[in-house]
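Report on the following structure.
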Amino acid sequence: MKKYILAIDQGTTSSRTVLFNDKGVNCAVSQRETKQIYPKHGWVEQDAENIYKTQLKTLREVVKTANLNPVQIGAIGITNQRETTVVWHKKTGKPIYNAIVWQDVRTSKWCQKLQKAGKEKIIKEKTGLVLDSYFSATKIKWILDTIPNARTQAKNNELLFGTIDTWLLWKMTKGKIHATDYSNASRTLLFNIHTLNWDEELLDLFDIPKSLLPQVKPSSYHFGDFKFEKINIPITGIAGDQQAALFGQACFKKGDTKNTYGTGCFLLMNTGEKAKPSKNGLLTTIAWGLNHKVYYALEGSVFIGGAAIKWLRDGLQLIKNAAESELFASKVKEESSVYVVPAFAGLGAPFWDMDARGAIFGLTQDTNKNHLIKATLESIAYRSKDLILAMESDSNIKLANLNVDGGASANGFLMQFQADILNTIVKRAKVIESTALGAAYLAGIEIGLWTQEEIISMQEDEVSFYPKMSKSKREQLYKNWLKAVKRSMHWED
Ligand code: ADP
C-alpha cells in the first residue's frame, strides 16, 4: 500500500515536489517559482517563509493531482539548493533575516582577509572546501554581526541556523527536529569531513556559537515525521542537490561520475570511503552517509555550460531556441578549426584564472554561424573534460562511464562529442531529473522500499553515446583546446 515516495526539491529558483512510485517512476510533479531578492549589487536573498510556503503548496498539489490518499505515501525525501543560509528564532520560529543565497558575495572581502591571514590551508584540510563567500559560515557570521541583538540572542541559545534542508525539516516537524545530513553539513565551512563533527577551531575562527548548529545525521535516516491530513509521514532522506543527483544516477561505486549540464555544469566523482584532497582546485565533499558509512566525492563546476547556449540565443541571436543548436552544429561536416573559450566570468578549476575572458580562435574567411555554434557546444564538453582529467589525477581513479543529466544533456551532438573527446561511454538517464530521484531513493532505502542493488537494476539509460573518434584526432583537438584556453588567460590586468 505504501508504495509512493514524495521528493521535495527546493532549488534556487523554484520549489518542486515530485512523486515517485516504487519502481522509481515519476508519477506527478508540481513546481512553483520562488522570488529572488537583490538588495544590493552582489547580494542575493530569498524569503525563507515563502520558500516553505511554496514547497508546501507543491506538495499538496502533487498529492491532489495524483489523487493519492496520504496513507499511500511511504516516505518523504528532501533535496535542496546547498549552502543557502537561514537563521531563525527558536521560540517564534521567525527568521531573523532573509535567507542568504549561495550566490551572494557580500562576505567576499572578509574571505580575502582570512586568506591573507593564511587560514585557507587549515580550512581546506578540515572541510575539503576553498575559503569562499559561497559557503555558509561567513553568511552566518554576517547575520550575527549585523542584525541588532542577534549576537546576544545567539549567546542565550535562542537562535538556530540551518541550510534549506534543515529549515524545511524544522518547519515540517513543527519545530521538533533541528538536523541536517552529512552532505549538507559538508558545505558550511564548519564541518570537519574527517572527524565528522562540527569543528571547534573553525567555529572560533568564524565566531559562531555551536548552539546554533543542527545535529548531523546520515542521508538515509528517519529524521522525523510530517503530519499531513492526520497521517504521520516519515521524512527519511536528505541530501544537497548535487549529491542527490549523484545518488539519483546510482553512482554508488568508486569512480562513478555524473555531470549535470544546466546553466553551469556540475561534475561529481564518487571516491568511495576516502576523502581525496585536490591539488587541482576541486572540492572534496561528502557524497552521503549511508549504512553507517560516509562516502566522499570530488566536485568541480564549469561556470558557463548551458549559459553559453543562452548566449548564442540571446546575445548573438544565432539560434531561436537552445535545441536548435544541435541542428546547426550537425550541419558542419568538414573538420572545423574554430574554438570558443567561454571564459565570460573567468576560468574555474583546474585553471583558476579569474582574469581570463571569452575568446574565439581559428576564424577564417569561410567561418559561418554553424561553426560558431558547433564550437560553443564543444566548449562545454572540453571544459567538462578539463575537470574530469583533474579528478582522475586527484583520485588516481580512472573514470568508468560518464552519467549525464540536466537540460543541455538533451543535446545529442554535445553528448556524442563528449563521448568522443573523453573516449568514454556517456550514459544519459531516462529521468533527467536525477536530483529529486536521488532524494526519493535515499528516503526509500530507509523504509525498506528498495535496496541499492535494486536501484541499480531499476536504472534505465535512455541513450548511451559510444566514442567513435580516433585517438590521434582526439589528442589533436584537445591539444588545440588547451592552446586556446592558454591564450584566453590573463586578459584582464
Ligand atoms: P538550470 O537547472 O541550471 O536552470 P537546466 O537543467 O534547466 O538548467 O538546463 C537549462 C540550460 O540548458 C540552459 O542554459 C539552456 O541554454 C541549456 N539547454 C537546454 N536545452 C538545450 C539543448 N537542447 N541544447 C543545448 N543546451 C540546452
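The values are calculated or read from the model by the stated rules, or taken from the named source; none is laboratory data. None of these values were measured; they are calculated from a predicted model. So basically every Cβ, Gly included, is an ideal-geometry build from the backbone, and we count neighbours across all protein chains shown.
Okay, here's what the table says:
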quantity	calculated
Residue list for region 43-77, filter: over 21 Å from Y134 (Cβ atoms) and among the hydrophobic types (A, V, I, L, M, F, W, C)	L56, L59, V62, V63, A66, L68, V71, I73, A75, I76
Residue count, region 327-346 (criterion: touching a helix residue (DSSP H, G or I) at 6+ places or on another chain (Cβ under 7 Å) and surrounded by fewer than 20 Cβ atoms within 10 Å (Cβ to Cβ))	4
Residues that are buried (at least 23 other Cβ atoms within 10 Å of the Cβ) and charged (D, E, K, R), drawn from region 257-286	K258
Index of the failed condition, F247 passing every other in (1) surrounded by 24 or more Cβ atoms within 10 Å (Cβ to Cβ); (2) out of contact with any Ser or Thr (no Cβ under 9 Å at 6 or more places or on another chain)	(2)
Members of region 405-449 found to be away from the ligand (no atom under 16 Å from the Cβ) and aromatic (F, W, Y), listed by number	Y441
Close pairs (6 angstrom Cβ cut-off, 6 or more residues apart or separate chains): in a strand (DSSP E or B) in region 294-323, near the ligand (Cβ under 8 Å from one of its atoms) anywhere	S301/G264; V302/G264
Residues that are in a loop (DSSP other than H, G, I, E, B), farther than 23 Å from S457 by Cβ and not charged (D, E, K, R), drawn from region 238-281	G262, T263, G264, A275, P277, S278, N280, G281
Candidate set: region 205-244, residues that are hydroxyl-bearing (S, T, Y) and closer than 21 Å to Y296 by Cβ; chosen: the one surrounded by the most Cβ atoms within 10 Å (Cβ to Cβ)	S219
Test: K258 is in the same structural domain as L442 (by TED's automatic domain parsing), more than 27 Å from N368 (Cβ to Cβ) and at pLDDT 95 or above	yes
Counted residues, region 426-481 - those being part of a helix (DSSP H, G or I), among the small types (G, A, S) and free of Cβ contacts under 8 Å to residues at least 24 places away in the same chain	2
Residue within region 388-404 that is surrounded by fewer than 24 Cβ atoms within 10 Å (Cβ to Cβ), part of a loop (DSSP other than H, G, I, E, B) and within 16 Å of the ligand (Cβ to nearest atom) present	no
Selected residue (criterion: nearest to the ligand (Cβ to nearest atom)) from residues of region 324-341 that are assigned to a loop (DSSP other than H, G, I, E, B) and over 18 Å from Y382 (Cβ atoms)	K331
Residue in region 300-323 that is farthest from the ligand (Cβ to nearest atom), counting only those that are under 30 Å from Q243 (Cβ atoms) and aliphatic (A, V, I, L, M)	V302
Close pairs (6 angstrom Cβ cut-off, 6 or more residues apart or separate chains): farther than 18 Å from L312 by Cα in region 327-341, of a type in the set (G, A, S) anywhere	S337/G362
Residue among K253, K279, K274, K230 that alone is under 18 Å from R428 (Cα atoms) and away from the ligand (no atom under 16 Å from the Cβ)	K253
Tally, over region 442-493, of residues that are within 19 Å of G237 (Cα to Cα) and of a type in the set (S, T, Y)	1
Residues (within 16 Å of the ligand (Cβ to nearest atom) and in a strand (DSSP E or B)) located in region 1-45	A7, D9, Q10, S14, S15, R16, V18, N26, V29, Q31, R32, E33
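Conditions tested, residue by residue: (1) under 17 Å from N403 (Cβ atoms); (2) buried (at least 18 other Cβ atoms within 10 Å of the Cβ); (3) assigned by TED's automatic domain parsing to the domain that holds F351.
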| residue | (1), (2), (3) |
| --- | --- |
| L437 | yes, yes, yes |
| S464 | yes, no, yes |
| Q476 | no, no, yes |
| L482 | no, no, yes |
| S488 | no, yes, yes |
| D493 | no, no, yes |
